[in-house]
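For reference, the structure discussed in these notes is given below.
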Amino acid sequence: MRILAAILCACLTLGCAGAPSILSRRAGGGVDISDDAVAFNDAYGRAVSSQILLNILRARDRQPRYYLAMTGIQDSPQLRWQENAAIGSIPLGQGAPNWGVGGLGAQRETISRPSYAVQPFNADTLTRTVFEPIEPYVFAHYWRSGWPRDLLLLLMAERIARTSPDGATVETINEANELFQNCDASVTTGGCAYVRAARAFLADAQGASAPFAANTSARALCGLVEAYAPAAPVRPAPPAEDQHCDPHFVIGADVYAFRLRSLDDIVYYVGELMRAGSMHAGADAPIEAPILVRAAGLRGGGAGVPLFRILPEGRARAEAPIAPARHFAASVAYGEARYYAGPAIGRSCGAAAPDGPCRDDAVNGDRSSSVLSLLAELLALNQSPDAIRAPNRLIAE
């Protein structure tokens, strides 16, 4: 009876130990899946941003640019469990030695080897993704979504045509190699003429837009995005067959039309700005674009910050001593050095301040992460669904 009671007690003990083991496995598996999903998301985002930064550096040095597709991350870890139990030190009666030795234990082993594919785009996807001009509806989406409009006009538009009521049109071209000294009044290049025209357009468009006229007698304008206090009613018109409509804006009696760039044109444009910045950057100093945009998180006034900013490793570690690779959106080894761009900027300021996080300077208001984010989104929007499918996670037990 004592032996049977001891065996029954051991079985009950093993059963009680098994139930928490199953629950802990379920909880642990859930945590593993969520942690892996976050890790894959982070790895995917950094890979895309770093590819863009690499091509910007290539454009700076007038090297060929290459664009690759990441076809998701797949992971099929094998989970192995080992459980054992034994009965030990059971008394068999008066005068008899104790019987049995053993113990209770569980062991878990996980084998995980994530895999991914990085491959060139095929010719059709490459043309659609990289070399064709951005679609007007894409520009209109970003214009209405709260993005910094000065940044959009500098990056996405290559020229602006302003047509006055008498039919005269003045066109200016956005050339990166003609932008100097933030295009102040002393700079008379054609590129700075575009910057001044774009800034005047933004100043005139600060007011609320007027609703489009619903009646059919209003003037139809293909590609109409917004109208600001139009002198006469206007309404958007769909493009005719094989017609390409540039984004149009109406301010008073003037009509503005913007010709859009392709993704590769934007990358090359930023690279050209970096070339100008490299000419003035000292050893291990940040490479900054010579043109300024509104600082990140600053809704009020302010002088602005460089459109894009690249930091060599030494300067990146000075600005983010703890884990700079985690602080910046992109990091890439290029040539014989490592570069960083896109620091995390967590602030919201109504106006610039002389000190503290609301200072209107390059470090506190860096817009590079916005540039990387815009380019990454454009790269994704133009691809096929297979090229950007989500990471997969399969657990086999």
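The table for this structure:
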item	result
Any chance VAL270 is in the same structural domain as ARG219 (by TED's automatic domain parsing) and touching a residue at least 60 places away in the same chain (Cβ under 8 Å)	no
Test: VAL267 is within 22 Å of ALA203 (Cα to Cα), crowded, with 17+ Cβ neighbours inside 10 Å and of a type in the set (Val, Ile, Thr)	no
Residue selected from the range 227-259 under the condition buried (at least 21 other Cβ atoms within 10 Å of the Cβ) and within 29 Å of the chain's Cα centre (by Cα), by the criterion nearest to MET156 (Cα to Cα)	PHE258
Contacts under 6 angstrom Cβ, first residue in the range 332-360 being assigned by TED's automatic domain parsing to the domain that holds GLU288, partner of a type in the set (D, E, K, R) and part of a strand (DSSP E or B), 6 or more apart	none
The lone exception for ARG162 - which of (1) modelled with pLDDT of 95 or more; (2) touching a Lys or Arg at 6+ places or on another chain (Cβ under 9 Å) it fails	(2)
Filter pass, GLU158 being more than 16 Å from LEU375 (Cβ to Cβ) and surrounded by 15 or more Cβ atoms within 10 Å (Cβ to Cβ)	no
Selection from the range 352-368 of residues that are closer than 11 Å to GLY297 by Cβ and not charged (D, E, K, R)	ALA352, PRO357, CYS358, ASN364, GLY365
Scan of the range 225-255 for residues that are under 27 Å from LEU379 (Cβ atoms) and either without any contact (Cβ under 8 Å) to a residue 40 or more places away in the chain or not acidic (Asp, Glu) (or both), ordered by number	VAL225, PRO239, ASP242, GLN243, HIS244, CYS245, PRO247, HIS248, PHE249
Subset of the range 130-161 (residues that are under 23 Å from GLN243 (Cβ atoms) and assigned to a helix (DSSP H, G or I))	PHE131, PRO136, TYR137, VAL138, PHE139, ALA140, HIS141, TYR142, TRP143, ARG144, MET156
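The values are calculated or read from the model by the stated rules, or taken from the named source; none is laboratory data. Here the structure is a predicted model, which means the values were calculated and not measured. Every residue, glycine as well, gets a Cβ built from its backbone with ideal geometry; the counts of neighbours run over all protein chains shown.
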